[in-house]
């Protein structure tokens, strides 16, 4: 015979269970904020759900040939990545370092110990062809992401794969044959998953012990910054506070040779000069990505601005000519690599940049 | 030095327009026992604590006290002269900076937090490190949307939220560090960088405010049996995507709009970013527009080509994301110069992506002997933790190191221990003990010692 108290407890518990069931299966629905927001419409999900997984879930139907890809590449990709995806000027190279033997094995020899290959190219590393498709579709071209058609994305992927000798020059890549191409990716077997560095409760792969006294070390300096790199990051004196227990070292000068034996209390603060005047155009060059391809005084992919200014010195209507080149691109004036159109540069910025170049790019 | 030193004896030269040159400093060091040397130091605006210098210092005291400055005798600025306050002009040296040569395109680059000059554990928002993959934007928050949806019915109720919606929801405010997976990357092989800004400046720590991702996933009816992963995606041109394990997503991940009491800065993802405590910064997707729930990992570009660990056998570890326990001394640190012998408060930062900092030990003899530092509160999970320890510099060369231990018992490793497992070709997840050499000349430099 249960006590009255126990019976009461049972009744309370049962009531609670019934109450939960009665208000619906999902606990969330009992939350008072449950209806904040609105349902997503199918067309909205379709517009944003652009990701493509390694099993090709999300890959839209379509196709593109190597030659279509080459056409797109020359107009929109080569200026940064080089005609053959080999350029190391703006970004790390996409193509190079893989062999036919790698394609057979699915592992890239040049990633192994003892390789003297100087780069780790995208094609050396990437194991999944879906990654190339997804990324080019979502983020390329650099200054106009998501502007390629589905077939153009297939074409550009096909072109890269052809450069890496994964597919022949007459190949047409499509949603139907991309799984076959996956089986020829040079580094398809080169990825491992090490779960302890993915799970927060994992145990790391490197062990140290917290020795406190007479610990095993010869305290030998194995590596230090070479003298020539002393000012490679500018004057560190101008990167430290002007008060406190320490100062930044003046890295524009050699290190002092004598020991410090007496207090040095530097009263005159070294405060970095604020951004120099006349830098407005240069700020625009940065904010509009012009400096990705052009140095002020040096060629990168395209000519230096000084070279442009010198070439067209005294040209009539130079500013208008330059605005046109900025907005609409050009080819053949400074070599084979074309300058893509830059529609994202506002008219005001294009005018200011053109005026600055026309005035000598200084 | 063109000026005859005898000219400066016994009187105060006006402070040089720019600064005390290294030649002057060097001369002052060399001439330390001579009257002239002391006078030289004096003449450059220095105060030496010797009898001779005291003589040079006017008997009555120093001008900084005796001559009332303009700010004591004049009228100052009005309120609201700056609608949004700025740091003192004297602090202009503490700025985010790029590392020359690290990247060639400033829209796909990094700027580093000046850790050598920040105090405590909170990084001022304007000094928070930046990493952009395709440039940053200042997005109209009234037009920003967050979509939550899933594959194959894993989200029963796909939803769209405006910023108004999100900011109505129950929110949390939590202090967490964010560290780029590539922080300290250039030093896997050898010393490459001069100062702590560049060796460790891709870590920052802020108080983030937002709604827990688990709240949103529950609201949208997540099927926790079928769902295994979450994909986060940004609204910028790069539309950054990263796979996040569901157990993380349902734990402490925040969909954040607030940072240090104000809205996120545009460079840090205004108006919405993901906060994934303990996980490398690339997963903290900025300009967050979409959360997708699925049952397979996505192998996106930044988890299939970058942010992968190149191992000695030629394989790459994919999906490593935990920022393991790490620490660094921020003062004295690389390319700083000590101004005197004697007492210093060695100070630095420690953090762990797996929990709280339990202990930090400091060595001043290159790792032979260690003392335990003071942890300054608060000591919070997956947050920067400040440590301090007393040190008296005797003028001899010293090698400063810090070694953090987290709540799991993991001890921050030495660089050779990391290399023994992961080789030298890796770029990411370098959490080795940092060594700073204090030379007899008072300069501190970056060295590797183990």
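The values are calculated or read from the model by the stated rules, or taken from the named source; none is laboratory data. Small disclaimer: the values here were computed from a predicted structure and weren't measured. Heads up, the Cβs are rebuilt from the backbone with ideal geometry, glycines too, and the neighbour counts pull from every protein chain shown.
Where strands (runs of 3 or more DSSP E) fall entirely within segment B:289-399, those with at least 3 residues that are farther than 29 Å from residue A:224 by Cβ are at B:316-318, B:374-376. Scanning segment A:39-54 for residues that are within 7 Å of chain B (Cβ to nearest Cβ) and in contact with a helix residue (DSSP H, G or I) (Cβ under 8 Å, 6 or more places away or on another chain) yields A:51, A:53, A:54.
Let's see how each residue does on (1) part of a loop (DSSP other than H, G, I, E, B); (2) in contact (Cβ under 8 Å) with a residue 40 or more places away in the chain:
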{"residue": "B:100", "(1), (2)": "yes, no"}
{"residue": "B:104", "(1), (2)": "yes, no"}
{"residue": "B:107", "(1), (2)": "yes, no"}
{"residue": "B:121", "(1), (2)": "yes, yes"}
{"residue": "B:126", "(1), (2)": "no, yes"}
{"residue": "B:138", "(1), (2)": "yes, yes"}
{"residue": "B:147", "(1), (2)": "no, yes"}
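Sub-6 Å Cβ pairs linking a first residue in segment A:302-318 that is assigned to a loop (DSSP other than H, G, I, E, B) to a second residue that is at pLDDT below 85, at least 6 apart or interchain, are A:302/A:293; A:302/A:294; A:302/A:339; A:303/A:334; A:304/A:295; A:304/A:297; A:304/A:298, ordered by first then second residue. Here residue B:405 clears all of (1) within 20 Å of the chain's Cα centre (by Cα); (2) part of a loop (DSSP other than H, G, I, E, B); (3) at the interface with chain A (Cβ under 7 Å from one of its Cβ atoms) except the condition numbered (2). Might you let me know whether segment B:198-207 holds any residue that is surrounded by fewer than 23 Cβ atoms within 10 Å (Cβ to Cβ), assigned by TED's automatic domain parsing to the domain that holds residue B:299 and touching a residue at least 24 places away in the same chain (Cβ under 8 Å)? For segment B:198-207, residues surrounded by fewer than 23 Cβ atoms within 10 Å (Cβ to Cβ), assigned by TED's automatic domain parsing to the domain that holds residue B:299 and touching a residue at least 24 places away in the same chain (Cβ under 8 Å): present. Applying the set (1) outside any strand (DSSP E or B); (2) more than 12 Å from chain A (Cβ to nearest Cβ); (3) farther than 15 Å from residue B:282 by Cα to residue B:183 leaves exactly one unmet item: (3). Counting only residues that are without any contact (Cβ under 8 Å) to a residue 40 or more places away in the chain and buried (at least 20 other Cβ atoms within 10 Å of the Cβ), segment A:97-124 holds 5 of them. Does residue A:250 satisfy the criteria of being closer than 29 Å to residue B:98 by Cα, in contact (Cβ under 8 Å) with a residue 12 or more places away in the chain and facing chain B (nearest Cβ under 7 Å)? Answer is yes for this residue.
Name the residue, out of B:210, B:189, that is at pLDDT below 95, assigned by TED's automatic domain parsing to the domain that holds residue B:147, farther than 21 Å from residue A:48 by Cα and more than 21 Å from the chain's Cα centre (by Cα). Result of the check over B:210, B:189: B:189.
Looking only at segment A:180-212, residues that are facing another protein chain (nearest Cβ under 7 Å) and in contact (Cβ under 8 Å) with a residue 60 or more places away in the chain come to 2 in all. Do we have any residue at all in segment A:272-287 that's crowded, with 19+ Cβ neighbours inside 10 Å and farther than 30 Å from residue B:90 by Cα? Among the residues of segment A:272-287, not one is crowded, with 19+ Cβ neighbours inside 10 Å and farther than 30 Å from residue B:90 by Cα, which makes the answer no.
Scanning segment A:103-132 for residues that are more than 7 Å from chain B (Cβ to nearest Cβ) and in a helix (DSSP H, G or I) returns A:103, A:104, A:105, A:109, A:110, A:123, A:124, A:129, A:132.
Would you say residue A:98 is in a loop (DSSP other than H, G, I, E, B), touching a helix residue (DSSP H, G or I) at 6+ places or on another chain (Cβ under 7 Å), within 13 Å of chain B (Cβ to nearest Cβ) and over 30 Å from residue A:327 (Cα atoms)? Answer is yes for this residue.
The listed residues are A:135, A:154, and the only one of them that is buried (at least 17 other Cβ atoms within 10 Å of the Cβ), touching a strand residue (DSSP E or B) at 6+ places or on another chain (Cβ under 6 Å) and either within 14 Å of chain B (Cβ to nearest Cβ) or closer than 17 Å to residue A:56 by Cα (or both) turns out to be A:154. Residues in segment B:291-319 that are within 7 Å of chain A (Cβ to nearest Cβ), surrounded by fewer than 20 Cβ atoms within 10 Å (Cβ to Cβ) and within 17 Å of residue A:131 (Cα to Cα): B:296 only.
Mind checking which residues of segment B:408-421 are assigned to a helix (DSSP H, G or I), surrounded by fewer than 18 Cβ atoms within 10 Å (Cβ to Cβ) and in contact with a strand residue (DSSP E or B) (Cβ under 9 Å, 6 or more places away or on another chain)? Across segment B:408-421, the qualifying residue is only B:416. Scanning segment A:58-83 for residues that are surrounded by fewer than 17 Cβ atoms within 10 Å (Cβ to Cβ) and in contact with a helix residue (DSSP H, G or I) (Cβ under 6 Å, 6 or more places away or on another chain) gives A:60, A:62. Within segment A:213-228, the set of residues being without any contact (Cβ under 8 Å) to a residue 12 or more places away in the chain and more than 7 Å from chain B (Cβ to nearest Cβ) comprises A:216, A:218, A:226, A:228. Only one entry of A:236, A:178 meets the criterion of being closer than 30 Å to residue A:102 by Cβ and buried (at least 16 other Cβ atoms within 10 Å of the Cβ), and that entry is A:178.
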